[in-house]
Amino acid sequence: MIQISALPAFTDNYIWLLQDHRSHRCAVVDPGDAAPVLAWLKQHPEWALSDILITHHHHDHVGGVEQLKSVCGATVYGPANEKIPARDVALRDNDRITVLGWDFDVLAVPGHTLGHIAFYHHGLLFCGDTLFAAGCGRLFEGTPEQMHTSLERLAALPDDTLVYCTHEYTQSNLRFAQAVEPTNADIAERVEKVRQLRANGKMTLPSTLALEKLTNPFLRTAETSVKEKADERNGRDNRSGSEVFASLRSWKDTF
């Protein structure tokens with residue numbers, strides 16, 4: 001059995017910790033800071049860090065990699081098309097790896113960065129900064145078309161897939177979602193649930209793809225109400241899903 005928990009880092013990052021209770025080996029996803037991981041390992045000396053999974057090259061996702069590898073000797077997996085410190089295994093689209101006895105499919109999801117990847121094990125998605133709860137990552141390197149395609153690819157996974165993204169952005173993302181769809185009852189319900197969680201100091205992750213499809217405007221570009229709002233925002237008829245996405249993303253950047 002593998003247990004998944006979060007190690008908070010910086011102001012709003014989560015480093016995902018995967019624990020295999022049979023072997024007492026563990027793995028982490030996107031350790032931007034080594035300190036929270038090393039602190040956890042010191043508190044739990046019976047556990048050994050064996051694997052480090054990286055989704056993309058931004059410092060808040062890779063900053064702790066070299067120190068963790070030097071201390072623990074963990075194997076580092078990361079995208080082949082990006083410069084990842086101390087990477088041992090370079091991963092490309094549709095590769096498959098086995099970590100802690102679980103198989104993970106590697107999905108190329110460019111947009112936030114050009115080489116961004118996600119890790120998918122049936123029912124679980126570690127998607128870095130591509131898909132957020134009620135939002136998506138900024139386009140630092142890729143095009144709206146690339147990001148829209150990446151999000152469509154993730155949305156095609158089973159509805160019950162748990163979404164483990166790496167930032168606690170849910171509350172601010174939902175404010176934007178309500179601006180896009182002010183009459184969406186599912187968004188209103190989620191806003192209240194998230195408000196209660198955050199008021200009690202609790203995290204809002206993981207999400208599910210089913211919930212994202214109901215409340216995330218970036219996965220709802222085919223909805224008439226979302227398209228109409230995007231058209232209204234940029235004063236044109238956005239014919240394709242990627243055009244609707246581009247309009248929404250541009251709006252969100254200054255929201």
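Brief remarks follow.
- The residue pairs whose first member lies in the stretch 5-25 and is closer than 13 Å to residue 203 by Cα and in the same structural domain as residue 61 (by the TED database), whose second member is among the hydroxyl-bearing types (Ser, Thr, Tyr) and surrounded by fewer than 18 Cβ atoms within 10 Å (Cβ to Cβ), and whose beta carbons are closer than 8 Å, counting only pairs six or more residues apart or on different chains, are 16/5.
- Filter pass, residue 32 being within 19 Å of residue 113 (Cβ to Cβ) and out of contact with any Pro (no Cβ under 8 Å at 6 or more places or on another chain): yes
- Matching option when the condition is assigned by the TED database to the domain that holds residue 25 and touching a residue at least 60 places away in the same chain (Cβ under 8 Å), among 126, 176, 104: 126
- Within the stretch 110-118, the presence of at least one residue that is crowded, with 24+ Cβ neighbours inside 10 Å and part of a strand (DSSP E or B) is confirmed.
- Pick from the stretch 30-79, criterion β-branched (Val, Ile, Thr) and either without any contact (Cβ under 8 Å) to a residue 12 or more places away in the chain or out of contact with any Cys (no Cβ under 8 Å at 6 or more places or on another chain) (or both), ranking: nearest to residue 125 (Cα to Cα): 54
- Among residues of the stretch 190-219 that are modelled with pLDDT under 95, none has a Cβ under 7 angstrom from a residue that is among the β-branched types (Val, Ile, Thr) at a sequence gap of 6+ or on a separate chain.
- Among the residues of the stretch 17-34, not one is of a type in the set (A, V, I, L, M, F, W, C) and either assigned to a loop (DSSP other than H, G, I, E, B) or in contact with a His (Cβ under 6 Å, 6 or more places away or on another chain) (or both).
- Candidates 89, 76, filtered to the one that is farther than 19 Å from residue 13 by Cα, hydrophobic (A, V, I, L, M, F, W, C), under 19 Å from the mean Cα position of the chain (by Cα) and in the same structural domain as residue 20 (by the TED database): 76
- Among (1) over 18 Å from the mean Cα position of the chain (by Cα); (2) surrounded by fewer than 20 Cβ atoms within 10 Å (Cβ to Cβ); (3) farther than 23 Å from residue 23 by Cα - the single one residue 59 does not satisfy: (1)
- With respect to (1) aromatic (Phe, Trp, Tyr); (2) more than 29 Å from residue 17 (Cα to Cα); (3) part of a strand (DSSP E or B), the lone exception for residue 251 is condition (3).
- Within the stretch 154-181, tally of residues that are surrounded by fewer than 18 Cβ atoms within 10 Å (Cβ to Cβ) and under 12 Å from the mean Cα position of the chain (by Cα): 1
- Taken over the stretch 121-153, the criterion of being out of contact with any Pro (no Cβ under 9 Å at 6 or more places or on another chain) and surrounded by fewer than 22 Cβ atoms within 10 Å (Cβ to Cβ) is satisfied by 121, 138, 139, 140, 144, 145, 152, 153.
The values are calculated or read from the model by the stated rules, or taken from the named source; none is laboratory data. This structure is a prediction, so every number in the text was calculated from the model and none was measured. Methodologically, a virtual Cβ is constructed for each residue, glycine included, from the backbone with ideal geometry; neighbour enumeration extends over all protein chains shown.
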